[in-house]
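All of the numbers you see were taken from the coordinates with simple rules; none came from a lab. Computed from a predicted structure; not experimentally measured. Please note: Cβ atoms are built from the backbone with ideal geometry, for glycine as well, and neighbour counts cover all protein chains shown.
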Amino acid sequence: MTPVPGSPDPAKMLAEAPFVEVSVDGLVPGGMIEPESAAEAAAVLAEGARHRFACAPIGGGTKLALGNPPERLDVALSTRRLGGIIDYVPTDLVLSVGGGTKIGDVRAVLAEHGQGLPIDAPDDATIGGLIATALAGPRRLGYGTLRDLLIGITVAHPGRITHAGGMVVKNVSGFDLPRVYHGSLGTLGVVVSANFKVLPLPRHETTLLVACDGLTEALAAARRVRGSRLRPTALEVTNSGGAWGMAVRLEGRPDTLEAAAEEIQRLDEGDVWTLEGGESAAWWRDYFAAQDLRLGQDEALLRASVRLRDSAELAEGALAALPGLGFNLPLVAVSPALGTLVVKVRTEAADPATALARGLDLLGALADYASVLSAPVAWKRGFDVWGKTPDTLDLMRSLKHEFDPARVLNPGRFVGFI
């Protein structure tokens, strides 16, 4: 790609990339580049492909532990200069932002107009990183994932730029590009900008915390909520705080929430604590923060998912078997209405990598899908942290070859070591 007149020379940008103290699973890049446009990003990636450089896109750095250790790493590409609000029309509930924009800044702008993006994420996470990692929290129950709100995207690849606007826009191969990029871990391209439909903020929120004697009782309480007329935006069973319980998040009109809270109290005979407004929101921020991928050196975070009807069997099976592998479980988070389980484990095993691989195999046998979300790099050697090889691996490899044939972007980090 020929540099645009007046724009930085991509070869010079790579050669003069300043050193920055950042690492991806122990690998330190030789420098970091900060393109200011989609064209610059595509040109730099094309130059990297010509020299067979490996590049790791980095946004807020909150999810760098996700994925396999990279095969190699020569340069990091920061999206810091690709941030900012591009366009926002509150009356149309449409927002366009740069890929390097922090979600906390987006929240602040939208809140001024009584609107928001109802996703669970730390304020310092970037829009591009959230799309690339596709991690969703408890509010997925009520609002879906970021993919459901994504209506347009611009992505830079080595030597080319792709645009897709609206959920029906597809490329010539018939792929819905926003959905293809969502969850691809930056292995197909760098998210330069994204368009979203935004939603009005709820008028009020209430959280009910129900104390339970154990996992089985908490799962039974959650089943009663699921079988009722209630429509919570989050429903969790957890040992957060050292004791088992159920957490129910309700959002909407105050009078409606009051009636819903009374119904939950009728459904459950245990002790119930009620949190309103800001206290409710703060509890959920802390709960999700406990699942942050930036862990201690003796911890790992695993996730598994099944069909909804198998949620209880997955949770009970995992809690019965994982301690037998030498794991302590300081945090268990079950989303019974989503079919997901997240567990934080600690171990003093002499060979934690083998123990972690066995733990992943165990979850894989109990679940439809299982993966390691975060772990010390030494624990992730010798196996694929994404778990069982998916049936779509050949298709995923074809997409990688189409968009990044030289394997410049995050080589080896995604499913099947793509």
Seminar exercise, completed: Proxy exposure order for HIS157, HIS113 (fewest C-beta within 10 Å first) is HIS113, HIS157
Seminar exercise, completed: Rounded to the nearest 10 degrees, the helix 311-321 long axis (Cα) sits at an angle to the longest Cα principal axis of the chain of 90 degrees
Exercise. Roughly how big is region 291-407's charge dipole about its Cα centre, with Cβ charges of +1 (Lys, Arg) and -1 (Asp, Glu), in debye to the nearest 20?
Worked result: 160 debye
For this session: Do me a favour and compute the ellipsoid semi-axes for the chain from its Cα gyration tensor, root of five times each eigenvalue, largest one first, whole Å.
Result: 37, 27, 17
Exercise. Not counting the cut sites, what is the longest span of the chain without GluC sites (Glu not before Pro) that DSSP labels loop and that have at most 16 other Cβ atoms within 10 Å?
Worked result: 113-268
Seminar exercise, completed: antiparallel share of DSSP beta bridges within the chain, to nearest 5, in %, is 90 percent
Seminar exercise, completed: A chain fully extended from THR91 to TYR369 at 0.36 nm per residue, minus the present Cα-Cα distance, gains in nm 96.1 nm
Seminar exercise, completed: With label points set 7 Å from each Cα along the Cα-to-Cβ direction at ARG231 and SER23, the distance between them in nm comes to 4.9 nm
Exercise. Given the Cα-Cα distance of GLU269 and THR216 and 0.36 nm per residue of separation, how much length would full extension add, in nm?
Worked result: 17.6 nm
Exercise. Where does the charge balance sit around ARG307 when Lys and Arg score +1, Asp and Glu -1, over other residues with C-beta under 11 Å from its C-beta?
Worked result: -2
Exercise. Which lysines, on any chain, are close to LYS102 with Cα under 30 Å apart, when same-chain ones fewer than 8 places away are left out?
Worked result: LYS12, LYS63, LYS170, LYS197, LYS344, LYS380, LYS400
For this session: Rank PRO158, PRO29, PRO390 by mean-square fluctuation in a GNM of the chain with C-alpha springs under 10 angstrom and give only the top-ranked residue.
Result: PRO390
Exercise. Is any residue of region 371-398 close enough, with backbone N under 15 Å, to a label point placed 7 angstrom from the Cα of THR354 along the Cα-Cβ axis, and if so, which?
Worked result: 379-383
Seminar exercise, completed: With label points set 7 Å from each Cα along the Cα-to-Cβ direction at ALA243 and GLN297, the distance between them in nm comes to 3.5 nm
Exercise. Cβ under 13 Å from GLY326's Cβ, GLY326 left aside: what net charge do those residues give with Lys, Arg +1 and Asp, Glu -1?
Worked result: -1
For this session: Let me know the charge dipole size of the chain about its Cα centre in debye, to the nearest 20, where only the beta-carbon of Lys, Arg (+1) and Asp, Glu (-1) is charged.
Result: 1040 debye
Problem set entry | Helix 215-226 vs. the chain, principal-axis angle (Cα, 0 to 90°, nearest 10) | 80 degrees
Seminar exercise, completed: The exposure ranking of ASP9, ASP391, fewest beta-carbon neighbours within 10 Å first, is ASP391, ASP9
Exercise. For ASP404, ASP310, what's the fewest-to-most ordering of other Cβ within 10 Å of each Cβ?
Worked result: ASP310, ASP404
Exercise. With +1 on each Lys and Arg Cβ and -1 on each Asp and Glu Cβ, how big is the dipole of region 329-385 about its Cα centre, in debye rounded to the nearest 20?
Worked result: 160 debye
Exercise. Just how far, in whole angstrom, is region 274-336 from region 225-265 if you go by their alpha carbon centroids?
Worked result: 17 Å
Seminar exercise, completed: When the charge dipole of the chain is computed with +1 on Lys and Arg Cβ and -1 on Asp and Glu Cβ about the Cα centre, the Cα farthest towards its positive end, among LEU393, LEU14, GLY142, belongs to LEU393
